[in-house]
Ligand SMILES: [Zn+2]
Ligand SMILES: [Zn+2]
């Protein structure tokens with residue numbers, strides 16, 4: 001569900017920072033695991049499955065986790081996997097990977113490119129691809145599980161690792177929570193995840209404390225009119241003119257009613273009305289995506305959309321029984337909040353490990369991520385962090401910086417990350433962060 005990032009000015013030299021002594025043992029262990037992790041990655045990449053259909057994917061993850069000694073439960077929130085390792089007193093930490101691919105026909109030309117096809121909800125057969133890089137997430141998640149299982153003597157507490165379905169449709173995290181993620185299994189004090197990033201060079205870590213990703217709401221508006229002959233508009237109430245007024249006026253919610261310091265987006269992504277040149281239709285249908293960070297800002301935008309829709313209909317002289325119908329999609333993706341102190345403390349560890357230049361604070365984005373649900377379900381007892389791991393191959397990044405090429409975004413059929421660097425970096429980062437949280441030195 002993530003889209004484009006702003007391209008920060010990053011020196012290519014940033015990624016060649018020397019590793020500290022602290023990093024060496026863990027980094028060596030990651031390096032020796034990489035050949036088998038890349039085998040897993042290529043297998044996952046070649047066999048993506050759509051949201052809530054991650055059956056074979058989940059089975060692969062579950063089998064590996066069982067072999068590592070985790071207690072594994074499958075089918076949590078339809079196709080989710082929960083793997084628990086109890087290892088004495090101490091905090092409960094949850095690590096999440098999302099498992100779904102997208103209805104995108106892969107065009108990367110990679111030898112292990114997906115040839116899978118499926119029929120999504122639209123009913124039109126499509127290729128399926130890990131175009132959001134969730135295959136890198138799952139592989140690093142397995143890599144992290146292996147390292148933590150091997151290092152049971154170095155940490156104490158309860159490790160909960162989840163394979164989450166259906167991130168792309170924003171429903172998987174909630175499905176797992178509704179199916180008892182925090183009641184049937186140990187409830188975490190800290191939840192961690194990463195996402196690959198299509199605008200940062202491979203191996204770079206990016207983070208945003210506080211709001212990192214947006215509230216994502218979908219709104220449908222059924223604008224009613226009074227149809228008739230195109231040559232006699234005075235005998236009609238033209239829904240296209242009325243809906244057009246709404247489209248323009250909605251932008252004033254962003255420009256005049258929201259604080260300039262509070263990001264907001266209203267995009268009318270779909271506008272349908274009419275069938276022929278000379279007929280005024282009796283309805284128009286609009287579909288909007290609405291983005292915000294805070295609950296207050298979200299309310300301001302959604303209330304404003306209803307008010308403006310109705311107000312414009314009144315201004316157009318529509319009768320009471322022909323008012324527009326505004327429908328808000330019930331399941332929205334709430335904004336993702338990175339607990340600020342927790343984020344900074346994890347990043348301090350990353351800076352020490354990876355070097356200052358490889359860890360960068362980056363702007364928040366207006367994309368959405370249902371990782372947000374894990375904090376929302378337990379706001380008082382849990383802290384959460386999702387960070388970016390850059391995936392753009394270094395040579396391509398440099399060509400893009402020079403203006404020679406433009407980079408594919410996440411969800412592009414051409415997105416081919418430097419998976420090895422993403423997975424190695426993320427495995428090391430997730431393992432190190434977990435050891436910091438659960439390391440014996442930190443357990444009282
Ligand atoms: Zn995505
Ligand atoms: Zn994604």
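Computed quantities for the displayed model
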quantity	calculated
Cα-projected label distance for residue 295 with residue 406, points at 7 Å along beta-carbon direction, nm	3.9 nm
Hull-based mean projected area of segment 59-136, where the convex hull spans the alpha carbons, in square nanometres	7.0 nm²
Ranked 185, 271, criterion: other C-beta atoms within 10 Å, fewest first	271, 185
Relative counts (whole %) of C-alpha pair distances in the chain, using bins that are 20 Å wide	24, 52, 20, 4, 0
Length gained when the stretch residue 187-residue 348 is fully extended (0.36 nm per residue, less Cα-Cα span)	55.4 nm
Rg/Rh (Cα only; Kirkwood hydrodynamic radius) as it applies to segment 208-253	1.28
Per residue Cα convex hull volume in Å³ - calculated over segment 250-405	206 Å³
Inter-label distance, nm, simple model (7 Å from Cα along the C-beta direction), residue 325/residue 59	4.3 nm
Highest-MSF residue in the chain out of 369, 404, 74 [GNM, Cα springs under 10 Å]	404
Highest-fluctuation residue, 248, 85, 318 considered, GNM on the chain with Cα pairs under 10 Å	248
Full-stretch length increase - residue 232, residue 115 - with 0.36 nm per residue and alpha-carbon distance subtracted	36.7 nm
For segment 18-163, fraction of C-alpha pairs farther apart than 26 Å, in %	31 percent
Residue 306-residue 31 pseudo-label distance in nm [points 7 Å out on the Cα-to-Cβ vector]	6.0 nm
Measure of compaction for segment 158-236 (Cα Rg per 2.2 N^0.38 Å)	1.99
Stretchable slack from residue 38 to residue 24, in nm (0.36 nm times residue separation minus alpha-carbon distance)	3.0 nm
Over segment 152-283: Kirkwood hydrodynamic radius from C-alpha pairwise inverse distances, Å	20.5 Å
Hull volume in cubic angstrom per residue (convex hull over the Cα atoms of segment 252-294)	96 Å³
Distance cut-off 23 Å, percentage of C-alpha pairs in segment 328-436 lying past it	42 percent
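Throughout, read-outs are computed from the coordinates displayed, never taken from laboratory work. Nothing here was measured: the structure is a model prediction, and the numbers come from that model. With ideal geometry, Cβ positions are generated from the backbone for all residues, glycine too; neighbour counts draw on all protein chains shown.
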